[in-house]
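For reference, the structure discussed in these notes is given below.
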Amino acid sequence: MVDTPFTIADRTFTSRLIVGTGKYTSHAVMAKAHAASGADMVTVAVRRVNISDRSNESLLDFIPSDIFVLPNTAGCYTASEAIRTARLGREAGLSNWVKLEVIGDERTLFPDNEALIEATKVLADEGFVVLPYTNDDPIACRKLEDAGAAAVMPLGAPIGSGLGIQNINNLRIIREFSRVPLIVDAGVGTASDAALAMELGADGILMNTAIAGADDPLSMAEAMKYAVRAGRLAYLSGRIPRKLYATASSPVDGMVGR
């Protein structure tokens, strides 16, 4: 069995697991968890890192040079705010890539899809590689593709909730019609959630709280690494169909006494 590379825009990654940088007890623990996860892309909130003054210690100092940094616009509630934050990250030398977040509700942290589509179009036209965090809505994902998104990132459940994949059918529909990579973002709580997302056909998965908030972040990071690999392999293998009744594992035809 030969898998296709995990490629977004013009960049290919070795791992299909993308991890975050928030909520860790220390930068040192974060760095060890990243290493245990095997991820080669991490996301960093532009507005929560002092990118203009590098004289003081920053979490960026704990990210090895061979790990790709994906800036994100966490904490933005309007399209203009997100656009401005993405431009700031690029001007500071982080990247012309952006995990685009435009939050529409402070309590649920659900995305504002209308503003997200607007910001995606503006940034894509400016040459950004845009990875928008969106609801698990097939129509919104299609509109984001049309606006120039390099990937779509529907949530599995609300950010930090740990509820796992809540809408399996929508993710299947998004997978069927998506012309760009599908990355499940947010809501994963444990390894089985990650495996399920990959079994549904996701090209990758992004998580933060599930690892950073675990009692043992290093062990959870390693568990997620294997879960993503197992889920991808299961998806490529093609699962057996679900049936209402049992099917004998050992055929009865040709058995002695029959």
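Structure notes:
- Check on Leu109, touching a residue at least 12 places away in the same chain (Cβ under 8 Å) and assigned to a helix (DSSP H, G or I): no
- Of the residues making up the range 8-53, those that are under 18 Å from Ser95 (Cβ atoms), loosely packed, with under 12 Cβ neighbours inside 10 Å and either more than 16 Å from the chain's Cα centre (by Cα) or in contact (Cβ under 8 Å) with a residue 40 or more places away in the chain (or both) number 2.
Conditions (1) at pLDDT 95 or above; (2) more than 30 Å from Gly238 (Cβ to Cβ); (3) not basic (Lys, Arg), marked per residue:
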| position | (1), (2), (3) |
| --- | --- |
| Val2 | no, no, yes |
| Arg11 | yes, no, no |
| Ile18 | yes, no, yes |
| His27 | no, yes, yes |
| Ser55 | no, yes, yes |
| Leu60 | no, yes, yes |
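- Whichever residue in the range 151-163 is closer than 20 Å to Pro181 by Cα and not β-branched (Val, Ile, Thr) and, among such residues, is surrounded by the fewest Cβ atoms within 10 Å (Cβ to Cβ): Ala157
- The helices (runs of 4 or more DSSP H) located wholly in the range 161-258 that include 3 or more residues which are touching a helix residue (DSSP H, G or I) at 6+ places or on another chain (Cβ under 9 Å), within 26 Å of Val42 (Cβ to Cβ) and at pLDDT 95 or above occupy 191-199, 209-212, 217-237.
- Here Asp137, Asp112, Asp125, Asp146 are screened, and the one residue that is crowded, with 20+ Cβ neighbours inside 10 Å and of a type in the set (Asp, Glu) is Asp112.
- Taking the criterion of being within 14 Å of Pro111 (Cβ to Cβ) and small (Gly, Ala, Ser), the residues of the range 149-190 that qualify are Ala149, Gly156, Ala157, Ala186, Gly187.
- Where Leu144 falls short, out of the listed (1) part of a helix (DSSP H, G or I); (2) modelled with pLDDT under 95; (3) not β-branched (Val, Ile, Thr): (2)
The values are calculated or read from the model by the stated rules, or taken from the named source; none is laboratory data. What you are looking at is a predicted structure, and each value in this text was computed from that prediction instead of being measured. Heads up, the Cβs are rebuilt from the backbone with ideal geometry, glycines too, and the neighbour counts pull from every protein chain shown.
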